[in-house]
Amino acid sequence: MRILVLGGDGYLGWPTVMHFAAKGHDVMAVDNYQRRQIALETDSEALIPTPNLDERAQVFYQQTGKKVEIKIGDCADMLFLNTVVKDFQPEAIVHYAEQPSAPYSMKGFHEAQMTLQNNLGVTFNTIWSVLENCPDCHIVKLGTMGEYGTPNIDIEEGWIDIEHNGRTQKFLYPRQAGSLYHTTKVLDTDLLWFYVRTYGLRVTDLMQGPVYGLSTEESQLSDDLLPNFHYDDIFGTVVNRFLVQAIAGVPLTVYGKGGQTRGYLNLMDTLNCVELAATNPANKGELRIFNQFTEQFTVNELADRVHRVGNSMGLDVKIKNIENPRKEMEEHYYNAKHHGLIELGLEPHFMTDDVLAAMIEKILKYKDKIATRKIMPRVKWS
Ligand SMILES: NC(=O)c1ccc[n+]([C@@H]2O[C@H](COP(=O)([O-])OP(=O)(O)OC[C@H]3O[C@@H](n4cnc5c(N)ncnc54)[C@H](O)[C@@H]3O)[C@@H](O)[C@H]2O)c1
């Protein structure tokens, strides 16, 4: 297939590009290095320095003999994106190109405005460049489980049947996000749903939980092919952060009571989910939604696991509950369905002690690069 990956320089984007290319697909990666720029501005650079996209593509070619095309530019600029889509004629677009940090989006007006305009702008341009150039192309969009929030009822897979005064209809499951970033994802879903039902686009919206990991089949070929791995409060996801804290001797920072429950998945499963979605496209006029995670944990459970595995490896891991910088429920009901991707064939890689130990081994190589000043939360919701 001809697959266009928007946000191809990112934590998920680059491994996805390699994964599809390794399977023999024609892949083009697009990025404007926005995350690298924000990381510089906020003192949140990744743990392991990553070469730029052209350099990574070169290393990947040397290792595998597979070529990927690279385009550097802003997908929120319609002239740029439209030209890319027109020339490449993708059969699937994997849309990762958004500002993905909740804390950054809550930092102030400028950051909130940028997140809103960028994320909605890229989604809107993706829709229109598909409509104008390749209306059959399947858009695989990364949403987040955070769109649902933490409702006191089971979370369905995107849609819910509502019965009201004796009549029933299927609606998008109610959404109530906990940050401006997550709210842009809610708005993205609404935008996609409008264009799907009005113009017959084919879209898969993947409600993904927090991802952890840095090893994939291809990233193991060379450290220059590793994804950008963040452990800071801005871009770091919780498992990645805890593992680095364990190594740096900083107590694991559990926000508030630590009863916050979320669905998590291994980076390798993200790649498999996106591949399953792309190779089994949604129908025309269908907004297909999958909840993309493999297992649920509370933050306390995650901290306990890292504590246990780290100490068994000779680290001195401690846990500390700190004031929660976010506005969120710290103890709540959480039961989210996630059948769709399993039914398509997903075979999960679960978070075993061995998986955590292998990550610790990998990160230990970069222990000297850990800057502990980047660890404590620097952005508060109020
Ligand atoms: N990592 C996770 O745990 C997670 C969980 C749920 C959802 N997601 C979603 O998955 C997607 C990828 O996340 P990630 O962790 O790889 O983030 P990331 O920041 O590492 O990757 C996003 C990439 O998109 C690029 N980008 C942003 N705006 C762009 C624009 N206007 N034009 C071109 N490129 C642009 C950035 O430079 C970056 O390289 C995001 O949409 C994110 O919201 C991620």
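A112 satisfies every condition listed in (1) farther than 27 Å from N228 by Cβ; (2) part of a helix (DSSP H, G or I) except (1).
Residues in segment 1-37 that are hydroxyl-bearing (S, T, Y) and either away from the ligand (no atom under 13 Å from the Cβ) or open to solvent by 10 Å² or more (accessible area, probe 1.4 Å) (or both) were compared, and the one that is farthest from N125 (Cα to Cα) is Y11. Select from segment 50-77 the residues that are more than 22 Å from the chain's Cα centre (by Cα) and hydroxyl-bearing (S, T, Y) and write down the one among them that is surrounded by the fewest Cβ atoms within 10 Å (Cβ to Cβ). If we take residues in segment 50-77 being more than 22 Å from the chain's Cα centre (by Cα) and hydroxyl-bearing (S, T, Y), then Y61 is surrounded by the fewest Cβ atoms within 10 Å (Cβ to Cβ).
So, K327, is that one assigned to a loop (DSSP other than H, G, I, E, B) and either closer than 25 Å to E91 by Cα or of a type in the set (D, E) (or both) or not? Against the criterion (assigned to a loop (DSSP other than H, G, I, E, B) and either closer than 25 Å to E91 by Cα or of a type in the set (D, E) (or both)), K327 does not qualify. Exactly one residue out of A102, A112, A177 is in contact with a His (Cβ under 9 Å, 6 or more places away or on another chain), under 30 Å from V299 (Cβ atoms) and modelled with pLDDT of 95 or more: that is A102. Looking at L221, L225, L187, L206, just one residue is surrounded by fewer than 23 Cβ atoms within 10 Å (Cβ to Cβ) and either within 17 Å of Q99 (Cα to Cα) or within 12 Å of the ligand (Cβ to nearest atom) (or both), and that residue is L187.
Conditions tested, residue by residue: (1) open to solvent by less than 50 Å² (accessible area, probe 1.4 Å); (2) in contact with a Leu (Cβ under 9 Å, 6 or more places away or on another chain); (3) among the hydroxyl-bearing types (S, T, Y).
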{"position": "N240", "(1), (2), (3)": "yes, yes, no"}
{"position": "K257", "(1), (2), (3)": "no, no, no"}
{"position": "L265", "(1), (2), (3)": "yes, no, no"}
{"position": "L271", "(1), (2), (3)": "yes, yes, no"}
{"position": "N321", "(1), (2), (3)": "no, no, no"}
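Scan segment 162-210 for residues that are farther than 21 Å from Y104 by Cβ and either part of a loop (DSSP other than H, G, I, E, B) or of a type in the set (V, I, T) (or both) and the total you get is 12. The number of residues in segment 100-115 that are of a type outside the set (G, A, S) and more than 15 Å from the ligand (Cβ to nearest atom) comes to 3.
The values are calculated or read from the model by the stated rules, or taken from the named source; none is laboratory data. Here the structure is a predicted model, which is why all the values come from computation and not from measurement. Note: ideal-geometry Cβ built from the backbone for every residue, glycine included; neighbour counts use all protein chains shown. Only protein heavy atoms, including side chains, enter the accessible area calculation; ligands, DNA and RNA are left aside. Shrake-Rupley method; radii C 1.70, N 1.55, O 1.52, S 1.80 Å.
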